Amino acid sequence: MFAPHLVRGSAGYRRATLALFCAGFATFAMLYCVQPLLPLLAAHFRVSAASSSLALSLTTLSLALCLLVSGALAESWGRKPVMAAALGLAALLGMACALVDEWSSLLLLRALLGLALSGLPALAMAYVGEEFDPEALPAAMGLYIGGTALGGLLGRLLAGLLSDLGGWSWALGGIALLGLLALLLFLWLLPPSRHFSAQPLSLRGLLRNFILHLGNPRLRVLFALAFLLMGGFVALFNYVGFRLAAEPFNLSATVIGLLFTVYLLGIFSAGWAGRLVPRFGARQVLSGGIALMLLGVALCVGPWLGSVVVGLALFTLGFFAAHAVASGQVGAHAQGAKAQASALYLCAYYLGSSVVGYGGGYVWEHAGWLALLGVLAMLFVLAAVLVRRL
């Protein structure tokens, strides 16, 4: 008997979107919670500032590299079981991070945490592509992306608050406990897959699926967009703090940290963009999101704090809108093996974060703020050109 898809407004739709929101929240909270703790980690473990950043960069690197493997395994093992196992293992590793007292042990656990988390993002995207009605898919993907935005924000803010109360170990342990709570809600709420068809686990089959996806011109465009948009997003937020700490702003680290609250706008824009796709089409909504990002970059040029804050807000609105739509289009255009297609998209996404994020630092150090904004603007113009090919 044919199993119906999840239709917007139904009880199954509400349960599934809330479950995926919780999963996205927990994933990004555990991933990014160390960012505000880096000075504390450097002082406690007596390492340099550059070395302390490995607590984050090793996690994102292992996540990017393992996405392709976890996405492939999920084509044989299923969606919900693998996502639940990934979330549970990541939460346990997060709690273990709070208990160690050796720097090498913490780095190892954080790298393993990235490996565990790799089993969730691509599978969540694949689940949405398979289980939701095509008309409901953009809105459902937008809610999931909104959860990741909230997780990225609250993971940073809560970690900072908990560290003031009890140190860095309390912060890591508290975020891990939130991950366990999210796991319980996820298991209770998410309906089992009804449109997943397991494939035999074979290396030849996995390579064939990757070749199939990379041979799809629409998917190639989406992978390139993931690289460009995420890379530019991370680069701007990495170095705007250096800009605002210098003349003529001279802002404190606390005030600069509050700028991450613009991530709240991402929760709105991700869901909003998903609802606009059925009316205007994915290409038009993607172009609008990129236009907002370009406008945001332009407003960050001047020496006025109000202009920079508004620029960051518009930039964030545009990024999460574009990312939500592009993510949903991967599931729509993949010809089978949707988890592997999503894994390729997210691998490009995190590689963009690493490559453009690091390259942006080189531009900032050697050519300054205006040159960095110019490079980012060129990346987004290229992204807009690629969107026209969808």
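The values are calculated or read from the model by the stated rules, or taken from the named source; none is laboratory data. Predicted model only: the values in this text are computed from it and were never measured. Methodologically, a virtual Cβ is constructed for each residue, glycine included, from the backbone with ideal geometry; neighbour enumeration extends over all protein chains shown. For the accessible areas, the whole protein counts, side chains as well, though only heavy atoms, and no ligand, DNA or RNA atoms are used. Shrake-Rupley method; radii C 1.70, N 1.55, O 1.52, S 1.80 Å.
Here are some notes:
- Of the DSSP H helices in the chain, those whose Cα atoms cover at least 24 Å axially and whose Kyte score averages -1.0 or more: 11-32, 54-77, 80-97, 137-166, 168-189, 217-245, 263-280, 282-299, 305-333, 338-367, 369-387
- Cα pair distances of the chain binned at 10 Å [whole percent]: 5, 24, 34, 25, 9, 1, 0
- Over region 64-162, the fraction of Cα-Cα pairs per 5 Å bin, rounded to whole percents and listed from the shortest bin up, is 2, 12, 17, 20, 21, 14, 8, 4, 2, 0, 0.
- Protection proxy ranking for 93-101, 358-366, using the average of other Cβ atoms within 10 Å per residue and placing the highest first: 93-101, 358-366.
- Put simply, the amide H of Phe132, placed in the peptide plane, has neighbours under 5 Å in Leu6, leaving out anything fewer than 5 places away on its chain.
- Counting only protein heavy atoms and a 1.4 Å probe, region 112-217 has 41 square angstrom of accessible area per residue.
- Inter-part distance, region 330-385 to region 106-166, computed on C-alpha centroids, equals 19 Å.
- Dipole of the chain computed with +1 at Lys/Arg Cβ and -1 at Asp/Glu Cβ about the Cα centre; of Gly88, Ala332, Val363, farthest Cα towards the positive end is Ala332.
- The overall shape of region 229-371, judged from the alpha-carbon gyration tensor, is prolate: a/c is not under 1.5, and a/b is greater than b/c.
- Here the translational diffusion coefficient of region 1-136 follows from Stokes-Einstein with Rh set to the Kirkwood radius across Cα pairs; for 37 °C and 0.692 mPa s it amounts to 203 µm²/s.
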